1. Name the residue that is farthest from E138 (Cα to Cα), counting only residues in segment 73-97 that are under 13 Å from the mean Cα position of the chain (by Cα), open to solvent by less than 40 Å² (accessible area, probe 1.4 Å) and not small (G, A, S).
2. Tell me whether segment 182-205 contains one or more residues that are touching a Gly at 6+ places or on another chain (Cβ under 8 Å), loosely packed, with under 15 Cβ neighbours inside 10 Å and not charged (D, E, K, R).
3. Could you check segment 98-107 and list, in sequence order, the residues that are modelled with pLDDT of 90 or more and either open to solvent by 20 Å² or more (accessible area, probe 1.4 Å) or over 16 Å from the mean Cα position of the chain (by Cα) (or both)?
4. Could you count how many residues in segment 175-199 are assigned to a strand (DSSP E or B) and more than 17 Å from R163 (Cα to Cα)?
5. Hey, can you tell me all the residues within segment 115-136 that are out of contact with any helix residue (DSSP H, G or I) (no Cβ under 8 Å at 6 or more places or on another chain) and surrounded by 14 or more Cβ atoms within 10 Å (Cβ to Cβ)?
6. Can you tell me which of (1) in contact with a helix residue (DSSP H, G or I) (Cβ under 9 Å, 6 or more places away or on another chain); (2) farther than 23 Å from F101 by Cα; (3) not hydrophobic (A, V, I, L, M, F, W, C) is the one Y212 doesn't meet?
7. How many of the residues making up segment 95-112 are touching a Leu at 6+ places or on another chain (Cβ under 7 Å) and of a type in the set (A, V, I, L, M, F, W, C)?
8. Quick one: would you say R57 is of a type outside the set (S, T, N, Q), open to solvent by 30 Å² or more (accessible area, probe 1.4 Å), assigned to a helix (DSSP H, G or I) and touching a Phe, Trp or Tyr at 6+ places or on another chain (Cβ under 6 Å)?
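The values are calculated or read from the model by the stated rules, or taken from the named source; none is laboratory data. Remember, it's a predicted structure, so these values are computed and weren't measured experimentally. Here the Cβ is made from the backbone with ideal geometry for all residues, glycine too, and neighbour counts use every protein chain on show. Keep in mind that these areas ignore ligands, DNA and RNA; they rest on the heavy atoms of the full protein, side chains included. Shrake-Rupley method; radii C 1.70, N 1.55, O 1.52, S 1.80 Å.
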Amino acid sequence: MKNSFLNVIRTWWRINRQNGKTQASLLLRDMPKRALQRQYAKACASLNAKILLRKNRRALHTFHDQQPQLSGGHYYLIVMPDALHLLLPCIELLQGLNLAFIINGVGRWDAGFLLQKYPHIPQFRLTMLAGSSLRHGEVIDLLFFANPHNFGIIDHDLFIFRRQPLQDIRLDDRTALAYLYSHINPKTGLLFPTTHLMFFNTPLLKSLLNRYGLSAL
């Protein structure tokens with residue numbers, strides 16, 4: 001965990017230096033600002049989960065009732081702040097799929113741009129404290145709550161050049177999910193699918209989550 005955080009800082013430093021930022025501005029302005037933003041995000045995460053969870057659950061359930069195309073076989077793109085440059089080519093490659101946007105902490109301009117450019121793709125804005133976003137697992141938990149049918153998620157920075165296989169996924173009663181990428185845990189040797197692209201057997205997974213008191217966090 002520590003090495004991962006240090007790698008993020010090193011990458012951030014290198015990119016900003018390449019973009020012409022001075023060491024003084026990074027140390028005295030940008031780094032403290034980044035640290036404050038991280039602390040604010042941590043504080044908001046707990047409040048968002050405790051205070052606004054029920055509101056988001058009710059609103060998302062109503063949203064699905066109003067969108068008959070989200071009745072199975074659809075995919076969600078979770079839209080994050082400062083990611084339009086990655087999201088737009090991702091969407092263009094997915095045209096023809098049954099998609100929906102989950103707006104997670106994105107500013108009104110970005111959300112409005114998506115609505116104007118893709119009026120046929122329904123979008124749901126999560127309610128949260130200003131300048132914050134929900135954790136990925138929390139969003140997936142909300143999607144399980146709102147969906148009785150099978151659905152998928154696609155990362156906004158995943159570029160899929162052959163979309164037909166995504167429309168052909170069929171899961172039997174004993175298969176929990178389909179996935180595109182995975183990694184092997186070095187300690188256990190077990191294979192874990194990653195969230196770049198997943199398609200869920202929703203009834204089966206909801207049954208397991210409820211039976212064992214689990215969540216996507």
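1. Among those residues, the one meeting the criterion is L87.
2. Taking every residue of segment 182-205 in turn, none turns out to be touching a Gly at 6+ places or on another chain (Cβ under 8 Å), loosely packed, with under 15 Cβ neighbours inside 10 Å and not charged (D, E, K, R).
3. Within segment 98-107, just N98 meets the criteria.
4. 7
5. Selection gives L115, H136.
6. Unmet for Y212, out of (1) in contact with a helix residue (DSSP H, G or I) (Cβ under 9 Å, 6 or more places away or on another chain); (2) farther than 23 Å from F101 by Cα; (3) not hydrophobic (A, V, I, L, M, F, W, C): (1).
7. 6
8. Taking the combined requirement at face value, the residue satisfies it.
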